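Before any comments, here is the structure.
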Amino acid sequence: MSRFYKLLALCLCVSGSISALHAQTPVDTIWSARYVITQDAARHVIQNGAIAIRADRIVAVGPKSEIDARYKPATRLDRPDAILAPGLVNTHTHAAMSLFRGIADDLKLQDWLEHYIFPAEAKNVTPDFVRWGTRLGCLEMLLGGTTTFTDMYYFEDVVAEVAKEAGIRGVLGETIIGFPVADNKTPADALAYTEKYLSRFRNDPLIVPAVAPHALYTNSDETLKASRALANKYNAPLVIHLSETKKENDDALAARHMTPTKILDTLGVLTGRTVAAHAVWVDEADMAILKSRGVGVAHCPSSNMKLASGVAPVVRMLALDIAVGLGPDGPAGSNNDFDMFEEMDLAAKLQKVTTMNPQALPATAALEMATIRGARALGMEKEIGSLEPGKRADLITVRLDRPNAVPLYDAVSQMVYALKAGDVRDVMVNGKPVVRDGRSLTLNEPLILQKAAEYRAKVSLSLR
Ligand SMILES: [Zn+2]
């Protein structure tokens, strides 16, 4: 126990005995665990800790004895052999693409997109496809400890409906792209569709609707500017792929003598809440722009490695205090799963091996990116990303009774380098339990797996 908590425990012993004379404060639930990784400003890890929750908010975090003395819960969950941590924050993915999992592997981004993904999407993507694909994605994400996901796809209103049904938090961007796609035939149609979607889901407790122009290279300047204006009108984030490949940068430099970041900035696209995915090929001037505009970056190490896109300068971005989060990107060939534990592990190792410095990105930084810094990348750090009084109750327990979890010397190191998505045991989002003992409480797992098999047959036939 740290000195701070010894002191705190002492004070609370005194106040505890006073409060024993009075009624304990009622709360809805208390969760306790062997370690509570808070990710608060001082990065406290509390041994034998607990969290009191009322409605959708965290009321108190501290040593279990103290929380038990002060609060009377209606229900409780004690996990003496687990870590309790903030829910993981995924800052970039395409959930519905789970139905294309493994459809085309081991390719470069442009080849993969143009020859496999765009044709497969043209033949298969419908609202029903998006509904079942998102259900499958949300099931995997929740079981793996992700409590917030950032999505870009078509029929994003359907994605939002599924996220609410699953009980997962989402920053969900409707895609705007410069050629006819499943939900809209023109960018003008897509902008109109997006506006309807933004007004439908604004002020939702779980959904942050967003505008998602796919990338600089798939949209006209006019569409990009209109996307920004629309996002700002609704105070919504704009999410976009940025400088993912060397080709994207080389093409921009050849055609316009500016990097993609510089072009977007010149167009005014970065003036407002923005989440840029990848940012692999950014230079010092680009990073200065990202920093000054407060752009959040979604680092996607699995995807960047699998598509051989390159290595994002994450160490430099962190030194500049840019809000860099983590994302698994797409399951269809650029990853192929939604495992945020793997992203933490790979984010750390990728920077170590490319800088030849084992301290380049330590476990503490990787966990930050998956929690509080990821929340900052989404502009949501006041609401989620850490376990602190007043914040939304988004939390997970991760079991410590498996061979890969013992012995434990350092809880943060264990989270990043040893524990896996499959070790997640319980998940709460917005005060509501959604996973208990490794089972979804909100989604019909057998039916979702059956639908995935049905779609596999359908998609295979369509590509013959
Ligand atoms: Zn992506």
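The values are calculated or read from the model by the stated rules, or taken from the named source; none is laboratory data. Please read these numbers as outputs of a predicted model, since none were measured by experiment. Glycine gets a Cβ as well: all are built from the backbone with ideal geometry, and neighbour counts include every protein chain shown. Protein only, heavy atoms only, side chains kept; ligands, DNA and RNA dropped before computing areas. Shrake-Rupley method; radii C 1.70, N 1.55, O 1.52, S 1.80 Å.
Can you tell me which residue within the stretch 441-464, out of those that are of a type in the set (S, T, N, Q) and within 14 Å of ARG135 (Cα to Cα), is least open to solvent (accessible area, probe 1.4 Å)?
THR442
For ALA348, which of the numbered conditions (1) within 16 Å of the ligand (Cβ to nearest atom); (2) in contact (Cβ under 8 Å) with a residue 60 or more places away in the chain; (3) closer than 21 Å to VAL424 by Cβ; (4) not basic (Lys, Arg) fails to hold?
All conditions pass for ALA348, except number (1).
Can you pull out the residues in the stretch 385-407 that are under 14 Å from ASN90 (Cβ atoms) and over 11 Å from the mean Cα position of the chain (by Cα)?
Correct list: ASP394, ILE396.
Please state which one of VAL416, VAL398 is open to solvent by less than 20 Å² (accessible area, probe 1.4 Å) and either basic (Lys, Arg) or assigned to a helix (DSSP H, G or I) (or both).
Unique residue meeting the criteria: VAL416.
Within the stretch 255-278, track down each residue that is within 15 Å of the ligand (Cβ to nearest atom) and either over 18 Å from the mean Cα position of the chain (by Cα) or over 17 Å from PRO237 (Cα atoms) (or both).
Across the stretch 255-278, the qualifying residue is only PRO260.
Is at least one residue of the stretch 353-370 in contact (Cβ under 8 Å) with a residue 60 or more places away in the chain, assigned to a loop (DSSP other than H, G, I, E, B) and open to solvent by less than 40 Å² (accessible area, probe 1.4 Å)?
no
When the residues of the stretch 186-205 are narrowed to those that are part of a loop (DSSP other than H, G, I, E, B) and among the polar types (S, T, N, Q), which ends up modelled with the highest pLDDT?
THR186
Looking at the stretch 287-314, which of its residues are surrounded by fewer than 22 Cβ atoms within 10 Å (Cβ to Cβ) and not in a loop (DSSP other than H, G, I, E, B)?
Hits for the stretch 287-314 are MET287, ALA288, ILE289, LYS291, SER292, MET305, LYS306.
Could you grab me the full set of residues in the stretch 226-254 that are farther than 28 Å from GLU161 by Cα and either more than 16 Å from the ligand (Cβ to nearest atom) or open to solvent by less than 20 Å² (accessible area, probe 1.4 Å) (or both)?
Across the stretch 226-254, the qualifying residues are SER243, GLU244, THR245, LYS246, GLU248, ASN249, ASP250, ASP251, ALA252, LEU253, ALA254.
Given the condition outside any loop (DSSP other than H, G, I, E, B), at pLDDT 95 or above and either open to solvent by less than 10 Å² (accessible area, probe 1.4 Å) or within 19 Å of ASN90 (Cβ to Cβ) (or both), answer yes or no: does some residue in the stretch 265-273 qualify?
no
One residue is enough: does the stretch 316-324 have a residue meeting the conditions open to solvent by 10 Å² or more (accessible area, probe 1.4 Å), among the basic types (Lys, Arg), more than 16 Å from the ligand (Cβ to nearest atom) and more than 21 Å from GLY296 (Cα to Cα)?
No, there is no match, as no residue in the stretch 316-324 is open to solvent by 10 Å² or more (accessible area, probe 1.4 Å), among the basic types (Lys, Arg), more than 16 Å from the ligand (Cβ to nearest atom) and more than 21 Å from GLY296 (Cα to Cα).
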